[in-house]
Amino acid sequence: MSHETGAPQKKLIQTLNGQAQDIAPIWLMRQAGRYLPEYRKTREAAGSFLDLCYTPELAEEVTLQPIRRFGLDASIVFSDILVVPDGLGQKVSFVEGEGPVLEPITSVGELAKLELERVVPHLAPVYETLRRLRKSLPVETTLIGFAGAPWTVATYMVGGRSTPDQGAAKAWAYRAPEEFQTLIDLLTEATILHLSEQVEAGAEVLQLFDTWAGSLSEAAFRRYALEPAKRIAGALKAKFPHVPMIGFPRGAGPMAKDYFRETGISGLSIDTGMSLDWARRELQPLGCLQGNLDPLLLVAGGTEMRRGIETVLKAFSGAPFIFNLGHGIVPQTPPEHVTELVDIVRGWRG
Ligand code: 1CP
């Protein structure tokens with residue numbers, strides 16, 4: 001919007017566009033969720049997890065909760081990466097204490113049941129949530145839309161649940177690469193549609209979550225993580241040149257460098273296991289970095305948390321950097337520790 005109105009760009013967007021800030025902008029992956037008592041209350045009232053995702057006034061409410069409490073620089077729309085398979089027509093549910101459960105897709109024949117045309121109409125409530133948020137968020141807060149990357153979403157579609165080694169999807173990919181590619185291509189198209197619609201509805205920045213990228217061999221990483229991300233980032237950039245994209249190829253290690261360079265994304269979200277020194281030297285010259293405090297330090301609090309935060313700030317300050325975690329907030333996180341984290345980041349002078 002700021003391009004049309006001439007208003008100053010929001011801090012997080014400036015940073016993604018290459019401008020380092022004196023005080024790093026901060027938001028947190030999974031900033032809405034079970035660690036907040038107000039979330040648990042709304043979640044209970046909603047019924048099922050998908051009902052919460054598909055009821056715009058409730059999804060808006062839980063998106064705003066961490067903004068009210070902590071005044072973060074960005075707000076990520078409340079939804080899930082598995083709304084895309086749900087939109088395609090695969091049966092998805094979230095079982096209490098178990099996580100997502102899907103009717104697994106195990107053969108190329110079953111892909112015929114999935115309908116690309118169904119995605120955007122089925123996910124209309126998510127877009128409505130974004131429209132509401134553009135009106136209700138503080139003017140300085142950036143609104144982030146997101147999607148799961150094809151490989152990560154495929155691991156749930158094929159495994160039928162969260163799989164510790166992504167074994168089911170890998171078995172298919174390595175046994176019949178051409179067949180598996182059909183699924184990846186379908187998800188790539190669905191992701192482009194879903195992200196485009198989120199921009200139309202008001203998303204100012206996009207993040208692509210490839211949570212399980214780190215389990216792939218180098219060749220498979222290129223084919224199933226890097227290439228689809230390149231297609232997705234390219235398609236979005238062509239339609240919406242002013243909307244920056246952040247990629248999160250979790251666990252990619254040194255392959256993160258090719259991923260950052262070749263996909264053309266503006267920001268790279270790095271996981272907790274990444275070497276800070278290496279990332280500063282090899283990755284930050286390619287664009288904005290985001291990360292990477294261990295979410296478990298946020299549970300621990302105290303001196304160790306403070307030291308961890310300062311180590312990250314020291315490593316990445318002076319160049320474009322967004323403070324975040326290396327993975328999502330865990331439910332046992334005390335909310336007071338998040339308040340303290342935000343204070344430390346905003347008070348830090350390098
Ligand atoms: O009952 C509940 O309240 C369920 C907990 C929950 C929440 C709060 C799930 C189920 N999804 C979400 C929201 C969510 N998921 C958001 C928006 C909220 C925010 O960030 O503030 C986002 C961006 C996601 C993304 C997501 N979902 C990812 C990628 C990021 C990551 O954490 O690695 C993945 C892998 C999922 C799948 C998923 N959704 C939910 C669960 C329990 C899982 C499985 C995770 C696993 O396999 O370990």
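No lab work stands behind these numbers, since they all come straight from the coordinates. The shown structure was predicted, so the numbers you read here are calculated from the model rather than taken from an experiment. Because the Cβ atoms are built from the backbone with ideal geometry, glycine has one as well, and the counts that use them run over all protein chains shown.
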Centroid-to-centroid separation of the range 246-269 and the range 179-224 [C-alpha atoms, Å]: 13
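What do you get for trypsin sites (Lys or Arg not before Pro) in the range 67-140 restricted to DSSP loop and a cutoff of at most 13 other Cβ within 10 Å of the site's Cβ? Let's see the in-between values first.
On the way: sites: Arg68, Arg69, Lys91, Lys113, Arg118, Arg131, Arg132, Arg134, Lys135; in loops: Lys91.
Loop-located and lightly packed - Lys91.
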Point-charge dipole on Cβ atoms (K/R +1, D/E -1) for the range 27-87, about Cα centre, debye to 20: 320
Virtual paramagnetic centre 7 Å along Cα→Cβ of Asp185, amide N under 13 Å, in the range 210-238: none
Beta bridges by DSSP in the chain, antiparallel share as percent, to the nearest 5: 15
Residue-count net charge about Gly350 - beta-carbon cut-off 11 Å; Lys, Arg +1, Asp, Glu -1: 0
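In the structure shown, do any of Lys10/Lys135; Lys91/Lys230; Lys91/Lys113 have a Cα-Cα gap over 20 Å, and if so which? Before the final figure, lay out the partial values.
Working: Lys10/Lys135 16 Å; Lys91/Lys230 28 Å; Lys91/Lys113 11 Å.
Over 20 Å apart, Cα to Cα: Lys91/Lys230.
What is the range 278-350 by shape, rounded, prolate or oblate, if you read a ≥ b ≥ c off the alpha carbon gyration tensor as root eigenvalues and call it rounded for a/c under 1.5, prolate for a/b larger than b/c, and oblate otherwise?
Working: a/c = 2.29, a/b = 1.67, b/c = 1.37.
Since a/c reaches 1.5 and a/b is larger than b/c, the shape of the range 278-350 is classed as prolate.
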Trypsin sites (Lys or Arg not before Pro) within the range 25-65, DSSP loop, no more than 15 other Cβ atoms inside 10 Å: Arg34
Selection from Thr311, Ala220, Leu130, by position along the positive dipole direction of the chain (Cβ): Thr311
Angle in degrees between helix 177-200 and the longest Cα principal axis of the chain, rounded to the nearest 10: 50
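How about the range 295-350: which trypsin sites (Lys or Arg not before Pro) there lie in a loop by DSSP and see at most 15 other Cβ atoms within 10 Å? Please list the in-between numbers first.
Numbers: sites: Arg306, Arg307, Lys314, Arg346, Arg349; in loops: Arg349.
Sites meeting the loop and neighbour criteria: Arg349.
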With Cα atoms, 0 to 90° folded angle of helix 37-46 axis to the chain main axis: 30
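In units of 2.2 N^0.38 Å, what is the alpha-carbon radius of gyration of the range 11-347?
Details: Rg = 18.8 Å, N = 337, 2.2 N^0.38 = 20.1 Å.
That ratio works out to 0.93.
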Spin-label proximity, Arg134 to the range 178-201 - amide N less than 11 Å from point 7 Å beyond Cα toward beta carbon: 198-201
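From the square roots a ≥ b ≥ c of the eigenvalues of the alpha-carbon gyration tensor of the range 6-98, which class results: rounded (a/c under 1.5), prolate (a/b over b/c), or oblate? Kindly include the intermediate steps, with their values, before the conclusion.
Values: a/c = 2.57, a/b = 1.78, b/c = 1.45.
Here the range 6-98 falls in the prolate category.
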Set of aspartates and glutamates near Lys314 by C-alpha distance (under 13 Å), chain-local residues within fewer than 8 positions excluded: Asp22, Asp277
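Taking the Cβ of Gly264 as the centre, find all other residues whose Cβ is under 11 Å away and add up their charges (Lys, Arg: +1; Asp, Glu: -1).
Here the count lands on +3.
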The range 11-347: relative contact order in percent, alpha carbon pairs under 8 Å with at least 6 residues between: 22
Student exercise, the range 131-177 dipole from Lys, Arg, Asp, Glu Cβ charges, in Debye to nearest 20: 260
Anisotropy class of the range 112-169 from Cα gyration tensor, a/c 1.5 cut: oblate
Magnitude of the charge dipole, the chain, Cβ model with Lys/Arg +1 and Asp/Glu -1, debye to 20: 680
Listed residue (Gln31, Val120, Ala171) projecting farthest to the positive dipole end of the range 11-347, Cβ model: Gln31
Helix 335-347 axis, angle to the chain major axis (alpha carbon atoms, nearest 10°): 60
